[in-house]
Amino acid sequence: MAQILIRPMEDRDKATVSRMMHDLWRIHAAKSRYVSKRYLDNVNARKEMRKRNQIFIVAEADGKVVGYAHLSVSKFSNFFTFKKIIYLDEIYVSKRYRGIGVGKALLKETKRIAWKKDLHIMTTIWPFSTSMKRLFSEAQYVREAHLLLREFK
């Protein structure tokens, strides 16, 4: 089994992470009618990486980047008991490295970052993402809300 190193993304990783982001977004566009294919055709992953309050961590195995987690630090209104969160935008692991703990390692590092900053973690899991459902269930996350969508034409 390959040893997994989790670390902050560096400039040398951006091309690989950019390709992985586009792969993940294409999966979402193919499986959800609510994801804008036009947006995905025009989105610039590197520009997304430069936005404020973004944190990218990568998983490295066999000397190459095999996965990443994209986190956003967000503020909330007074509605919640907490004022800021880390929103886990996405976790992606290359097919060849799935099932060996890469996603768990990325989530563990996300938890460490959140704990260090005294923040809660929030995410959205798409219905078709069985691996993410399993990952968060095994990590004992609780479902607090459902996102409901309806089209009106």
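The values are calculated or read from the model by the stated rules, or taken from the named source; none is laboratory data. A quick note: this is a predicted structure, and the numbers were derived from the prediction, not measured. FYI the Cβ positions are ideal-geometry reconstructions off the backbone, even for glycines, and counts take in every protein chain you see.
Within segment 25-44, is even one residue modelled with pLDDT of 80 or more, surrounded by 16 or more Cβ atoms within 10 Å (Cβ to Cβ) and closer than 19 Å to THR130 by Cα?
Looking for residues that are modelled with pLDDT of 80 or more, surrounded by 16 or more Cβ atoms within 10 Å (Cβ to Cβ) and closer than 19 Å to THR130 by Cα, one finds at least one in segment 25-44, hence yes.
Could you please let me know if ILE57 is touching an Asp or Glu at 6+ places or on another chain (Cβ under 6 Å) and of a type outside the set (S, T, N, Q)?
yes
Looking only at segment 108-153, count every residue that is surrounded by fewer than 10 Cβ atoms within 10 Å (Cβ to Cβ) and modelled with pLDDT of 85 or more and tell me the total.
Selection size over segment 108-153: 2.
Mind listing whichever residues of segment 67-117 are of a type in the set (A, V, I, L, M), closer than 16 Å to VAL17 by Cα and in contact (Cβ under 8 Å) with a residue 40 or more places away in the chain?
ALA69, LEU71, ILE91, VAL102, LEU106
As an exercise: evaluate ALA105 against (1) in contact with a Leu (Cβ under 6 Å, 6 or more places away or on another chain); (2) buried (at least 17 other Cβ atoms within 10 Å of the Cβ) and give the number of the one condition it does not meet.
That leaves (1) as the condition not met.
Quick check on my filter: what residues within segment 84-134 are among the charged types (D, E, K, R) and more than 21 Å from PRO8 (Cβ to Cβ)? First the steps, then the outcome.
Step one: of segment 84-134, the residues among the charged types (D, E, K, R) are 84, 89-90, 95-96, 98, 104, 108-109, 111-112, 116-118, 133-134.
Once the filter is applied, which keeps residues that are among the charged types (D, E, K, R) and more than 21 Å from PRO8 (Cβ to Cβ), segment 84-134 yields LYS95, ARG96, ARG98, LYS133, ARG134.
For TYR87, all conditions in the list (1) in a helix (DSSP H, G or I); (2) surrounded by 12 or more Cβ atoms within 10 Å (Cβ to Cβ) hold save one; what is the number of the exception?
Status for TYR87: all satisfied but (1).
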